[in-house]
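For reference, the structure discussed in these notes is given below.
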Amino acid sequence: YDEINLNVGCPSDRVRSGTFGACLMLTPGLVADCVAAMKSAVDVPVTVKCRLGVDDQDTGPALDALADAVVAAGCDGLWVHARKAWLSGLSPKENREVPPLDYGRVHALKRRLPDVFVGINGGIPSLDEASRQLDHVDGVMLGRAAYHTPAILLDVDRRFFGIDAPQDVRAAALAMVPYVEKELARGARLSQTARHMLGLFHGRPGARQWRRILSVEGARPDAGVEVLFEALAAVEAGGLDILGQTSETGLIDLQPA
Ligand SMILES: Cc1cc2nc3c(=O)[nH]c(=O)nc-3n(C[C@H](O)[C@H](O)[C@H](O)COP(=O)(O)O)c2cc1C
């Protein structure tokens, strides 16, 4: 690994029952001890991912106390999911949606710790918003947007790192083929990898065919990499809209004959 990240932002019951995850926001000294132990064991950067606080903690002192403790222990950077976590009463999914986002609190942390890497996370849907955040913090982490609309990442290298990388979703799909083949050879089912690629063509012509073929054909127990090629061929034909209808996204999509 290039970096070890200690997650003290997860509110799930299972995690909490093992006394890790977001409940550790209540014990900054213990998190600092963990960071110190990790730092002494590895040569790669050790970072911490946290929330603004938990339950009825005041996010002012709570976040500062955690940040100061781990930075003093040698932490190389902080990733902050810009909302609180509620340790009881909300599911992990609700804990990603219900507590309000407060980006300003993360920006204030960065202003207070100008020499420490501070990255922001939570509800950032696009590279435009990521770009705006980078006026205030050192890094932006996309979670659900990267998963549900992975093609937005095609522009990251060009836009943020000045690298003229290919912008081709089809090439990205093909680049997955060796990995998928390796997993199939290990005995995995196609659906175990393909399900994470369903959003690849989101919002583009052929997206619905891509999803349908991967999720229906790809679910067969004997499905192989040929299903990926079949889905790609459907995407390539996708601009043709043979029945003159449009998909639920409003974009032209290939309809089943
Ligand atoms: C299915 C799922 C699994 C997640 N697992 C982890 C995890 O293992 N470690 C972690 O630090 N965050 C995990 N997260 C939280 C994300 O890293 C991120 O903090 C959260 O989704 C908010 O960012 P977003 O609004 O950009 O999605 C997970 C999120 C989802 C949706």
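The values are calculated or read from the model by the stated rules, or taken from the named source; none is laboratory data. All of these numbers come straight from a predicted model, not from anything done at the bench. Neighbour counts are summed over all protein chains in view; Cβ atoms, including those assigned to glycine, are modelled from backbone coordinates with ideal geometry. With ligands, DNA and RNA removed, areas are computed over all heavy atoms of the protein, side chains included. Shrake-Rupley method; radii C 1.70, N 1.55, O 1.52, S 1.80 Å.
If you go through segment 65-80 one residue at a time, do you hit one that is assigned to a loop (DSSP other than H, G, I, E, B) and more than 29 Å from Asp13 (Cβ to Cβ)?
yes
Residues are listed down the side, and each one gets a yes or a no for (1) of a type outside the set (S, T, N, Q); (2) away from the ligand (no atom under 12 Å from the Cβ):
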| site | (1), (2) |
| --- | --- |
| Val8 | yes, no |
| Thr19 | no, yes |
| Cys23 | yes, yes |
| Pro45 | yes, yes |
| Cys50 | yes, no |
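Could you grab me the full set of residues in segment 107-125 that are under 21 Å from Phe160 (Cα atoms) and in a helix (DSSP H, G or I)?
Those that are under 21 Å from Phe160 (Cα atoms) and in a helix (DSSP H, G or I): His107, Lys110.
Identify, please: which residue in segment 126-161 is in a helix (DSSP H, G or I) and hydroxyl-bearing (Ser, Thr, Tyr) and is, among those, farthest from the ligand (Cβ to nearest atom)? Steps first, please.
Here is the first cut: in segment 126-161, the residues in a helix (DSSP H, G or I) are 127-133, 144-148, 150-161.
After this cut, where a residue has to be hydroxyl-bearing (Ser, Thr, Tyr) as well, the list is 131, 147.
Details: Ser131: 15, Tyr147: 7 Å.
Among those that are in a helix (DSSP H, G or I) and hydroxyl-bearing (Ser, Thr, Tyr), it is Ser131.
Is it true that Pro166 is open to solvent by 20 Å² or more (accessible area, probe 1.4 Å) and without any contact (Cβ under 8 Å) to a residue 24 or more places away in the chain?
Working: open to solvent by 20 Å² or more (accessible area, probe 1.4 Å): yes; without any contact (Cβ under 8 Å) to a residue 24 or more places away in the chain: yes.
Criteria met by Pro166.
Of the residues in segment 110-125, how many are within 13 Å of the ligand (Cβ to nearest atom) and within 26 Å of Val71 (Cα to Cα)?
Qualifying residue count, segment 110-125: 6.
Could you list all residues from segment 42-62 that are without any contact (Cβ under 8 Å) to a residue 12 or more places away in the chain and part of a loop (DSSP other than H, G, I, E, B)?
The answer is Asp43, Asp56, Asp58.
Could you figure out which of (1) within 16 Å of the ligand (Cβ to nearest atom); (2) open to solvent by less than 40 Å² (accessible area, probe 1.4 Å); (3) out of contact with any Lys or Arg (no Cβ under 9 Å at 6 or more places or on another chain) isn't true of Cys34?
Just one mismatch for Cys34, condition (2).
Taking the options Gly123, Gly77, name whichever one is surrounded by 17 or more Cβ atoms within 10 Å (Cβ to Cβ) and in contact with a strand residue (DSSP E or B) (Cβ under 8 Å, 6 or more places away or on another chain).
Answer to the check: Gly77.
Pick from segment 1-41 the residues that are out of contact with any Ser or Thr (no Cβ under 7 Å at 6 or more places or on another chain), in a loop (DSSP other than H, G, I, E, B) and in contact (Cβ under 8 Å) with a residue 24 or more places away in the chain: which of them is farthest from His107 (Cα to Cα)?
The selected residue is Tyr1.
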